[in-house]
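The values are calculated or read from the model by the stated rules, or taken from the named source; none is laboratory data. Because the structure is predicted, anything quoted here is derived from the model rather than measured. All Cβ positions, glycine included, derive from the backbone under ideal geometry; neighbour counts span all protein chains shown. Just the protein is used for accessible areas: all its heavy atoms, side chains included, with ligands, DNA and RNA removed. Shrake-Rupley method; radii C 1.70, N 1.55, O 1.52, S 1.80 Å.
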Amino acid sequence: QVQLVESGGGLVQPEDSLTLSCACSGRAMSTYIMAWFRQGPGKEREFVAAAGRADPAYYGDSVKGRFTISRDNAKNVVTLQMNRLKPEDTGVYYCAADSGYLIRKSQHAYTLWGQGTQVTVSS
């Protein structure tokens with residue numbers, strides 16, 4: 001059974017940095033497109049970033065230039081480096097995996113999900 005487990009969330013101040021990690025177990029992560037989504041209070045789940053098997057990373061407009069997604073297939077871990085955090089980045093961050101071949105922004109394309117990790121940006 002494939003499992004995704006996120007870690008690294010917490011409470012930070014605006015302009016701080018934070019790194020989230022997602023560990024994939026049960027199957028080689030190299031077979032998946034890996035992505036991060038987030039859901040803020042009262043908001044719909046939003047695409048943040050995705051890393052394909054060999055494609056360049058793809059980012060949502062609101063995080064472009066501030067967030068970086070990286071994957072280490074040997075360790076079965078995908079990370080999200082978040083810099084210059086803003087209060088509007090607050091939310092539950094989810095790791096997701098898609099066995100398809102093209103990076104997609106829709107949450108409905110992703111069949112595997114982690115339980116989420118809370119990120120709160122507040123002064």
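Can you list residues whose amide H is under 5 Å from A49's amide H, if they're 5+ apart or on another chain and H is modeled 1.01 Å from N?
Those qualifying (amide H under 5 Å, at least 5 residues apart or on another chain) are W36, G60.
For the chain, which cysteines have no second Cys with its Cβ under 4.7 Å from theirs?
That list is C24.
How much accessible area per residue does the chain have, in Å², with a 1.4 Å probe? Each step should come with its number before you reach the end.
Details: 6290 Å² over 123 residues.
I get 51 Å² per residue for the chain.
Where Rh is the Kirkwood radius over the Cα pairs of segment 23-70, the temperature 25 °C and the viscosity 0.890 mPa s, what D in µm²/s does Stokes-Einstein return? Display every interim value, and only then the final one.
Numbers: Rh = 12.0 Å.
It comes out at roughly 205 µm²/s.
Carbon and sulfur: what percent of segment 76-123's accessible surface (1.4 Å probe)? List each step's numbers first, then the result.
On the way: 1190 of 2360 Å².
Carbon-and-sulfur percentage of accessible area, whole number: 51.
Please sort 78-89, 53-64 by packing, taking for each peptide the average over its residues of neighbouring beta carbons within 10 angstrom, highest first. Could the numbers behind the result be given before it?
Working: 78-89: 18.4, 53-64: 13.5.
Per-residue Cβ counts within 10 Å, averaged per peptide and sorted highest first, yield 78-89, 53-64.
Pop out the ³J(HN,Hα) list for segment 22-28 in order, Karplus 6.51 cos²θ - 1.76 cosθ + 1.60 with θ = phi - 60°, rounded to Hz; leave Gly and Pro as x.
9, 9, 9, 10, x, 6, 4
Quick one: which residues, 5+ away or cross-chain, put their amide H under 5 Å from the amide H of G100? H built at 1.01 Å from N.
Correct list: I33.
Tell me, what HN-Hα J-couplings in whole Hz come from the Karplus equation 6.51 cos²θ - 1.76 cosθ + 1.60 at θ = phi - 60° for each residue of segment 14-21, using x for Gly and Pro?
x, 6, 6, 10, 8, 10, 9, 10
For A57, what is the net charge nearby, where nearby means another residue's Cβ is under 15 Å from its Cβ and Lys, Arg count +1, Asp, Glu -1? If you can, show how the numbers build up before the last one.
Numbers: positive: R53, K64, R66, R71, R104, K105; negative: D55, D61, D72, D98.
That sum, taken over residues with Cβ under 15 Å, equals +2.
Give me the net charge for the shell around C95: Cβ to Cβ below 15 angstrom, other residues only, Lys and Arg +1, Asp and Glu -1.
On the way: positive: R27, R38, R45, R71, K75; negative: E6, E46, D72, D98.
That sum, taken over residues with Cβ under 15 Å, equals +1.
Please give every one of the lysines within straight-line cross-link reach of K43, meaning a C-alpha to C-alpha distance under 28 Å, and leave out same-chain neighbours fewer than 8 residues apart.
Qualifying lysines at Cα under 28 Å: K64, K86, K105.
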